[in-house]
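One structure is given here, and the rest of the page talks about it.
Nothing in this text is a laboratory measurement; each read-out follows from the coordinates by a stated rule. Computed from a predicted structure; not experimentally measured. Quick reminder, even Gly has a Cβ in these numbers, built from the backbone with ideal geometry, and neighbours come from all protein chains shown.
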Amino acid sequence: MLKDKFNEVENQIAYKKISNEKSSNAGKVLALLFFGFCYYVWIRTTGLCIPCIFRLITGLKCPGCGITTMIMRLSLLNFRGAFIANPFLFITAPFLALELIYAYVKKEKSENLPRWNTILLYLYLALLLIFGIVRNIINI
């Protein structure tokens, strides 16, 4: 009987821990969306945005240069302008969104990402770095 009571308390603690982790994750996502929205409003209002430190120091575009411009142009439904701002990320954004959702689901189930997924992410990273080099050679 004492052992049953102990197991019941242990299960309740585990449930509360899982419940708290899920609400904590939701809070982080909401906070990120809130700050992203505030940054968007700031840029639309003032025209000022955070510059790329890599570009300021080297004069070269990093693989992520143009993300802010891309998002701002997408918000105005200017797809051509968004593509010009950062073609690689514009094309691969759906893949990144699906990957984030997939990784989140796997984490919620306490499962590791499969090997094929890890290889795919390394391949994506390599392509992103190649894009970063090529965009400075041919001035994209």
| request: Step through the residues of the stretch 100-117 one at a time and calculate ³J(HN,Hα) from phi using the Karplus curve (6.51 cos²θ - 1.76 cosθ + 1.60, θ = phi - 60°), rounding each to whole Hz and writing x for Gly and Pro. | output: 4, 5, 4, 5, 5, 4, 4, 5, 4, 8, 6, 10, 7, 5, x, 4, 4, 6
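List K28, K61, K107 from most exposed to least, where exposure is judged by having the fewest other Cβ atoms within 10 Å. Please report the intermediate quantities before stating the final value.
Details: K28 10, K61 18, K107 13.
Taking fewest neighbouring Cβ atoms as first place, the list is K28, K107, K61.
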| query | Can you work out D for the stretch 66-140 in µm² s⁻¹ from Stokes-Einstein, where Rh is the Kirkwood radius over C-alpha pairs, the temperature is 25 °C and the viscosity is 0.890 mPa s? | reply | 176
